[in-house]
Amino acid sequence: MADGNMHTPSRRAFLKAGVAAGGGLMLSFKLTTASMAAGSGTLNAYVTIGTDGMVTLVAKNPEVGQGVKTSLPQIIAEELDVAWTQVKVEMARTDPDAYGRQIAGGSMSTPTNWDTLRRVGAAGRQMLIAAAAADWGVPVGECTTNEGVVLHKASNRKAAYGALAGKAAALPAPDLKAVALKDPKDFKVIGKALTGVDNPKIVTGQPLFGIDTRLPGMLYATYAKAPVFGAQVKSADLAAAKAVPGVRHAFVVEGAPVVNGRMDGLLGGVAVVADTWWAARKGREALNIVWQDHPTSAQSTAGFDAEAAKLFASPSHKTLINDGDAPAAIKGAAKVVKASYAYPFVAHAPLEPQNCTAWFKDGKMEIWAPTQLPQPGRVQVAQMLGVDPSAVTVHMIRGGGGFGRRLMNDYMIEAARIAKDVPAPVQLIWTREDDMQHDFYRCAGYHNFEAGLDASGKLTAWREHFVTFGTGEAVSAGADLHLNQFPNKYLADYKVERSIMQSGIPTGWLRAPGSNAFAFVHQGFLDELAEAAGRDAVEFRIELLSRTPEVVFNPQQTFVSKRMIDVLKLVAEKADWAGKSRKGALPKGTGVGVAFYYSHLGYFAEVVQATVKDGAFKVDKVWVGADVGAHIVNPSGALNQVQGSVLDGISQAMQAITIEGGAAVQSNFHDFPLLRHADSPEVEVHFLKTDYPPTGLGEPALPPVIPALCGAIYAATGKRIRKLPIDVELLKA
């Protein structure tokens, strides 16, 4: 940060004012509520108002397509009261001391930054008003602002922010907690549909993404790892690789030990570095690598299926929830429903494969990475190199899709390790096959359910045995069951048990982690219970939700039943659920399904209409009802996130990574399909605005679409989908 011209900040203030390079006002501030309370610390994010009136806002969080590079600066611009055309957005540097937590994940950027960014913008506006009032000799309370101009109505005077910026910079920064915020009815930037700040570069193909990084003298690298997860190199023909024209280096990299099954560190492999990436790839093909034996080679999807069946037949390893006496209540129920559900490993498959550019020079490592977690990546690289983190600089570069894959920084560590042995900047690029076969997959899982209904058709008890993956007694990353699954806390008799099967398969967090699978199994089983009870699927859910007004999961999360009931009713109305779900109301082979899910603070309910014909299904339309609070910061970005999530969910319903011999079978989009344009349905989105703080949208729209789709297929065919991916052979039968 160019802070050389800044005034010496007050140690008590958490908002700092200074003079920007070339004149104007610069505001630096802490972004977290905790730091606001602490009121001290290193300078970090900033607002700069130039003497020409141009406002530069720093985007602190990584951008991977979720739109925060646009929506977060929108919040500041609103309270600063400047037109969006006056704003320029710059990506922040990676600096934990300055910026605190910089992360793209969990749909948390909006809820964690909403209040603070508003106050920063309001503080800037207050300082500019104070500067104008002092200049004019009028009371501050008589001045107002409008799109970058301070106005004094009584004297008809006005001054542009650019003209006031220098004077404002000389004033003390106000207390962020005390600044006056706009009345939301006066919002002009928040709630305005804006195109993404990077869109011009995207549509014109200008360099923007990590893979576009270019440095003088840069070389290109590939890195071959064992197909069997965790296996090490036994031998490789390095001479053959070096004989390929353009290849400069080829060397074996010894991997770090795998601890507790975690494979997000440096795995062993062979690096090939060349003048071009194509030459590096040709060199890699010449390596003729022999890999060492590894215990994971005995693992397979079929083996996991068999092991899960054995575990279901045995006492569970652990009881997670045991409210009341579910077994006894089920035994005494008027009707008992049982079902087994399962889902596979799923890859993230972003369109931009993993890549990273690294340059080791004079004992320091400089990195350009499309990462969702730049700061942990910096620490991991420093640990791998054996240097202090201050010797590592990470530049955040836009990622071509993240979905949670770039929460792991293995590709960054590999690039840094390769660059350490090469006297030039090196860009490591994975192939699509590398990416799909060395992912951190959404974990597979197995669920056995049994539940009881009373004579009136009310759900009375629930029992679930969940079989997942892990190492020892530790559950694999992203593989554990969220204990806030509905209908937990809505039934007096509720029991959840868990068993772990040993696995060497790397797992991680896929968009709406956990929820993308749990919604399928829990909402699917609710559909079965509603049918067994002879109840409408929407009415059955609303009756259950009505039993408990709210559930406090933790101090930051309270599930309010009415919010979910309201979005269920909203989407049912918009989709004409009552009309479409009547038997015979839709053409033969067409059906509708419904589901809801709460995740990442968002309340979502969705209705899917699908048609099954000749053994194939097609989604005709999806209706979405959502409650993410009082404000949609950028309606364009919000629609993008919801529609993208729905289409992602439909894709996930068709996808699977299967394991054979300890390795992933699928390798590219030919056997791991993404939903194509021609098959993409209309997605109609309705937001229900409520009096709650706004929340994020990157993830919560995904989970309900899969069970709603499976419900629609059942309504169309009478064939219940209890296992993903959807088996088209089942639909043909």
Checking ASN288 against (1) in contact with a His (Cβ under 8 Å, 6 or more places away or on another chain); (2) at positive phi, which single condition isn't satisfied?
-> (1)
What is the one condition in (1) touching a residue at least 24 places away in the same chain (Cβ under 8 Å); (2) surrounded by 12 or more Cβ atoms within 10 Å (Cβ to Cβ) that GLY217 does not satisfy?
-> (2)
Do you know which residues across the stretch 298-347 are assigned to a helix (DSSP H, G or I), open to solvent by 60 Å² or more (accessible area, probe 1.4 Å) and not aliphatic (A, V, I, L, M)?
-> GLU307, LYS310, LYS331
Give the residues of the stretch 348-388 that are farther than 15 Å from LEU266 by Cβ and surrounded by fewer than 16 Cβ atoms within 10 Å (Cβ to Cβ), sorted by residue number.
-> LEU351, LYS361, ASP362, GLY363, LYS364, ASP388
Matching residues, the stretch 125-142, being touching a strand residue (DSSP E or B) at 6+ places or on another chain (Cβ under 7 Å) and within 23 Å of ILE75 (Cβ to Cβ) = ARG125, MET127, LEU128, ILE129
Members of the stretch 539-569 found to be more than 26 Å from the chain's Cα centre (by Cα) and under 22 Å from ALA715 (Cβ atoms), listed by number = GLU539, PHE540, ARG541, ILE542, GLU543, LEU544, LEU545, LYS569
Which helices (runs of 4 or more DSSP H) does the stretch 191-292 wholly contain that include 1 or more residues that are under 35 Å from the mean Cα position of the chain (by Cα)?
-> 199-204, 277-285
Could you say whether any residue in the stretch 178-198 is more than 30 Å from ILE129 (Cβ to Cβ) and either open to solvent by less than 30 Å² (accessible area, probe 1.4 Å) or in contact with a Ser or Thr (Cβ under 6 Å, 6 or more places away or on another chain) (or both)?
-> yes
Yes/no for ALA575 being open to solvent by less than 20 Å² (accessible area, probe 1.4 Å) and either more than 19 Å from LYS719 (Cα to Cα) or touching a strand residue (DSSP E or B) at 6+ places or on another chain (Cβ under 9 Å) (or both) = yes
Could you say whether any residue in the stretch 536-552 is buried (at least 23 other Cβ atoms within 10 Å of the Cβ), not aliphatic (A, V, I, L, M) and not in a helix (DSSP H, G or I)?
-> no
Which of the residues spanning the stretch 679-714 are modelled with pLDDT of 95 or more and small (Gly, Ala, Ser)?
-> SER680, ALA701, ALA708, GLY711, ALA712
Look through ALA519, ALA461, ALA512 and report the one residue that is touching a Phe, Trp or Tyr at 6+ places or on another chain (Cβ under 6 Å), farther than 16 Å from PHE312 by Cα and not polar (S, T, N, Q).
-> ALA519
Residues located in the stretch 565-574, provided they are in contact (Cβ under 8 Å) with a residue 60 or more places away in the chain and either in contact with a helix residue (DSSP H, G or I) (Cβ under 6 Å, 6 or more places away or on another chain) or part of a loop (DSSP other than H, G, I, E, B) (or both) = none
Identify all residues within the stretch 110-124 that are in contact with a Phe, Trp or Tyr (Cβ under 9 Å, 6 or more places away or on another chain) and open to solvent by 20 Å² or more (accessible area, probe 1.4 Å); write none if there are none.
-> ARG119
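Matching residues to (1) touching a residue at least 12 places away in the same chain (Cβ under 8 Å); (2) at negative phi; (3) touching a helix residue (DSSP H, G or I) at 6+ places or on another chain (Cβ under 9 Å):
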residue: GLY661; (1), (2), (3): yes, no, yes
residue: LYS689; (1), (2), (3): yes, yes, no
residue: GLY696; (1), (2), (3): yes, yes, yes
residue: ALA708; (1), (2), (3): yes, yes, yes
What number of residues within the stretch 612-662 are open to solvent by 30 Å² or more (accessible area, probe 1.4 Å), in a loop (DSSP other than H, G, I, E, B), of a type outside the set (A, V, I, L, M, F, W, C) and modelled with pLDDT of 95 or more?
-> 3
Selected residue (only one of ARG463, ARG498 is among the basic types (Lys, Arg) and farther than 30 Å from GLY698 by Cα) | ARG463
The stretch 348-396, residues that are under 28 Å from LEU675 (Cβ atoms) and not in a strand (DSSP E or B) | HIS348, ALA349, PRO350, LEU351, GLU352, PRO353, GLN354, PRO370, THR371, GLN372, LEU373
How about the stretch 696-733: which of its residues are touching a strand residue (DSSP E or B) at 6+ places or on another chain (Cβ under 6 Å), part of a loop (DSSP other than H, G, I, E, B) and open to solvent by 20 Å² or more (accessible area, probe 1.4 Å)?
-> ARG722
Kindly indicate which of LYS574, LYS562 is closer than 18 Å to ALA630 by Cα and charged (D, E, K, R).
-> LYS562
For the stretch 663-692 the number of residues that are of a type in the set (A, V, I, L, M, F, W, C), outside any loop (DSSP other than H, G, I, E, B) and within 22 Å of the chain's Cα centre (by Cα) is 3
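The values are calculated or read from the model by the stated rules, or taken from the named source; none is laboratory data. On a predicted model such as this, the values are computed, not experimentally measured, just so you know. Reconstructed Cβ throughout: ideal geometry from the backbone, glycine too, with neighbour counts over all protein chains shown. For the accessible areas, the whole protein counts, side chains as well, though only heavy atoms, and no ligand, DNA or RNA atoms are used. Shrake-Rupley method; radii C 1.70, N 1.55, O 1.52, S 1.80 Å.
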